[in-house]
Amino acid sequence: MKRLARILPFLREHWSDLVFLTVFVVSRMIYRGKYGIRFDGSPLNYFIQYIDPWFFENDFLRSILYVSHQAPIPNFVVGCAYLALGKYGWWMFFEGVFAGFGILLGLFLIRALKRFEVHPLFATILVCLFLSTPVAILYENWLFYHVPVAAIFCGSVLALFRYYRTGSVRAAFVFFSSLALVALIRNVYGTVWLAAVLAVLLVAPPLAAPPRSSPRRTVLKGAAFPLILLFVLGMKGRLLLGHDYGGAAVWTNIVYKTWPSVPEAERERLQDEGMFKQTVNYEPFTGVSSLGSMRVPIEPTGVPLLDMARTPNGRANTHTLEYLLIAEKHYKPDGEFLVKNYPWAYVDSVLFALLDWYPSSPSRDIVLEQTVNYHRVKKLDVALNKLAGKNSQGRLLFLAIGLPAALLYGCYRVLRTRARLPSERTTVAAILFMLVTIAYAALGTTLISSGDFSRYRFDVDPFYLILGAMLATHAARSLTSLFRRLRRRASPAHQAA
């Protein structure tokens, strides 16, 4: 009886976690047993996000230092595992790591939903469904940064709640450090995003603060080191190489995404006049060996990652300094020309990204659709997409309506009169953080990248889920309140009065 008395309180407090963990394990066993899903570590061999394993084996730490157009942590962690566990052991290690991030994502998301006063049963059902879809399984079994980033984002929401409850510098530092960790994993996020989050928290700082300090000063203290770190890393390419790799790479994507929106007659005229005969024929970050006459001579730097167009095993190296110089010499002027002379073509490409591709399933990805895992669950994924109202282009009606509705509700929660109440401060700050991150992720990708926009959205899909659940909860409570008022008015006692 004593043991039961100790267990029952634990079950009452953590039943939702136990339900989720049970569903998580059972669903993974089904996908593994029935569909044959296995962890896919092959991106290490051909994704531009990773340096070739040859550099792990021959020039590891220096290569990590000179990686310029990708965040450092994925290559560092994968490289450490590769060197410590061998060519096959690292694969099994990351299968466990990504499963762990999948569990953390679910547990953090359930807790975040409860913090926003979503009913525990509703929160548990939503998270179990969300993380049992084919898309969630595919991303969890893919050596890519999306599941870890989504999990850390949900943890950041919880860290923000804790910070606003305590008001301490330490709690503020933990929150901002979690954001810096995201930026060190995913290069889309960086100094500008962190500064935007800092700005909204300065507008709505916590009510609590340490003695002899103010809430805004605490925000600034907590953000100082993470912000400086990201600023220095953002300047790394210019400091080490004298070139801004990120800025040059932007124009590569601008050319590739804008050119198809230029009318065919104009494209033919431009090429007849000797313009755009080279840059538009190559996908961004194609190996420099295939870029023909666009190649430029470079002075050897002594750093293999920067000097080698191909590794000794024959694989293309997209991290070479020559690619940066090619982007600056050819893609940047062509991109500037297109944006200046055909701004409507650029706008058209952005609108297509935002209105058509963005509200699609994250399985609408150029590379993912070619993987073995995707083909194993393709029928199930297609069936679920049809239920969500998939059109001929791939856009889902459910998301085309649901995503804007969730955003509008978030805006309503931070702009309504009640948002000024002290009791609402923490909720308002957390919603502002989610809205800023969603906006940055959407605009930062659709304005620059040339495809896979629904995959980029996966990072912040938990935020959309939170806002959507809050909207559903608010609607349910309003309808319940309305129904009760109508019942009271219809009661004989009310009519007699």
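Values in this text are rule-based calculations from the coordinates and carry no lab data. Keep in mind it's a predicted model, so treat the numbers as computed, not measured. Don't worry about glycine lacking a Cβ; one is built from the backbone with ideal geometry, like all the others, and counts go over all protein chains shown.
The table that follows gives values for the structure above.
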item	result
Residue order, fewest to most beta carbons within 10 Å, for Asp365, Asp59	Asp59, Asp365
Compactness relative to 2.2 N^0.38 Å, alpha carbon Rg of the stretch 396-449	1.32
Cβ-based net charge around Glu424, under 12 Å, with every Lys or Arg adding one and every Asp or Glu removing one	+4
Enclosed volume per residue, in Å³, of the convex hull spanned by Cα atoms of the chain	224
Spatial separation of Cα centroids for the stretch 300-327 and the stretch 110-155, in angstrom	38
Exposure proxy order (Cβ contacts within 10 Å, fewest to most) of Lys386, Lys257	Lys386, Lys257
Over the chain: helical MRE at 222 nm, DSSP H runs n ≥ 4 each giving -39500 (n - 2.57), nearest 500	-22000 deg cm²/dmol
Length added when fully stretched, Lys379-Arg170, from 0.36 nm per residue minus Cα-Cα	70.4 nm
Charge context of Tyr412, other residues only, Cβ under 13 angstrom, K/R +1, D/E -1	+2
Footprinting exposure proxy for Phe24, Phe483 (fewest neighbouring C-beta atoms within 10 Å first)	Phe483, Phe24
Rounded Å value of the spacing that divides the Cα centres of the stretch 374-440 and the stretch 255-288	35
Long-range tail of P(r) for the stretch 244-354 (Cα pairs > 24 Å, %)	29
Alpha carbon Rg of the stretch 1-120, scaled by the compact-globule rule 2.2 N^0.38 Å	1.47
Tilt relative to the chain, helix 72-115 - C-alpha long axis, 0 to 90 degrees, to 10	30
Surface/4 estimate of mean projected area, convex hull on alpha-carbon atoms of the stretch 134-224, nm²	6.3
The stretch 358-471: Rg to Rh, with Rh as the Kirkwood radius over Cα pairs	1.05
